[in-house]
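Single-structure report; data block below.
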Ligand code: DP6
């Protein structure tokens, strides 16, 4: 196959990934756990080509010096390396990559996760690599750590591991959940996750404690999922999110991803709980807040939180599929 199209969705972590043990291979300092969403898809086509690698992002042809083109090129080098190991005659080919994001890019809706999961799936198919889910997750991880979880259906645990072979995500059974996305600002964030993680490791005095607490939170989360204990899942999620922002806030100079509007949402969620509606909030490396609830409560919660969203509407999301190949004819779906 010389062309393939794949689709993948963002994921939102309930136990967060924040810090690398190995920068080059993207091995995290601790494991993490997430839900793959059913909206904000990235659809990516990889077409093998004799010309240089090229990237078209959301309809714009990017220059080869653009940082996104360079990051995609570096990822394609990894794919070509795998093709070479397998003796495939695609190993020397360049590729035209066309990608469309339905979600807001670089605003904490995990576009790099859906992006590299879709690219890993499309590129591995186009270059003729026949990867199983674990190897596809490992490959996606090389593009962006959290992308290894978007390869997985519904709920994923990323095993931190200590090598390229042992660091991958796999599906975990969890009770059915809804997420309510409250997009308080859709612009690109000021400090990328990558830079923020580096700064945290280098300057935050709480970094060691963060690593330990993340390992503990993941163990507890896995137990709560096995017990289908929604309340415990929610409590761990919200406490863990606040701890991530605390370790980040403690950098020197400080980094602050949450905005006043983000805290308003956390307060509104606490008020919902006080009124007997069980909801818990989390936020990635940006100001947007994602609330988790039981599916039957989601519409009511979205109604209550819409006033905090930039466009006046909070969006209900459900567990979605892992990265998958789609026919070129279906690519516009
Ligand atoms: C806050 O996966 O974007 O969303 O591996 O450097 O590409 P890189 O970082 P990335 O970081 C995601 C951080 C997070 C938490 C999470 O999704 O677990």
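The values are calculated or read from the model by the stated rules, or taken from the named source; none is laboratory data. The structure displayed is predicted, hence computed values, not measured ones. Cβ placement follows ideal geometry from the backbone for every residue including glycine, while neighbour counts extend to all protein chains displayed.
For the reader, a short list of remarks on this structure follows.
- Residue in segment 282-297 that is free of Cβ contacts under 8 Å to residues at least 60 places away in the same chain, over 21 Å from the mean Cα position of the chain (by Cα) and over 29 Å from residue 247 (Cα atoms) present: yes
- Given (1) assigned to a loop (DSSP other than H, G, I, E, B); (2) more than 19 Å from the chain's Cα centre (by Cα); (3) modelled with pLDDT under 95, number of the condition residue 329 does not satisfy: (1)
- Within segment 160-170, the residues that satisfy the criterion of being surrounded by fewer than 17 Cβ atoms within 10 Å (Cβ to Cβ) and under 14 Å from residue 29 (Cα atoms) are 162, 163, 164, 166.
- Scanning segment 180-198 for residues being away from the ligand (no atom under 12 Å from the Cβ) and either modelled with pLDDT of 95 or more or in contact with a strand residue (DSSP E or B) (Cβ under 6 Å, 6 or more places away or on another chain) (or both) gives a total of 3.
- Hits in segment 4-46 (condition: under 26 Å from residue 325 (Cα atoms), surrounded by fewer than 18 Cβ atoms within 10 Å (Cβ to Cβ) and in contact with a strand residue (DSSP E or B) (Cβ under 9 Å, 6 or more places away or on another chain)): 38, 39
- In segment 243-262, the residue that is surrounded by the most Cβ atoms within 10 Å (Cβ to Cβ) out of those that are closer than 18 Å to residue 184 by Cβ and touching a helix residue (DSSP H, G or I) at 6+ places or on another chain (Cβ under 8 Å) is 244.
- Among the residues listed as 147, 117, 110, 156, the single one being modelled with pLDDT of 95 or more, under 15 Å from the mean Cα position of the chain (by Cα), near the ligand (Cβ under 10 Å from one of its atoms) and more than 18 Å from residue 86 (Cα to Cα): 147
- Qualifying residue in segment 78-99 (condition: within 13 Å of the ligand (Cβ to nearest atom) and surrounded by fewer than 21 Cβ atoms within 10 Å (Cβ to Cβ)): no
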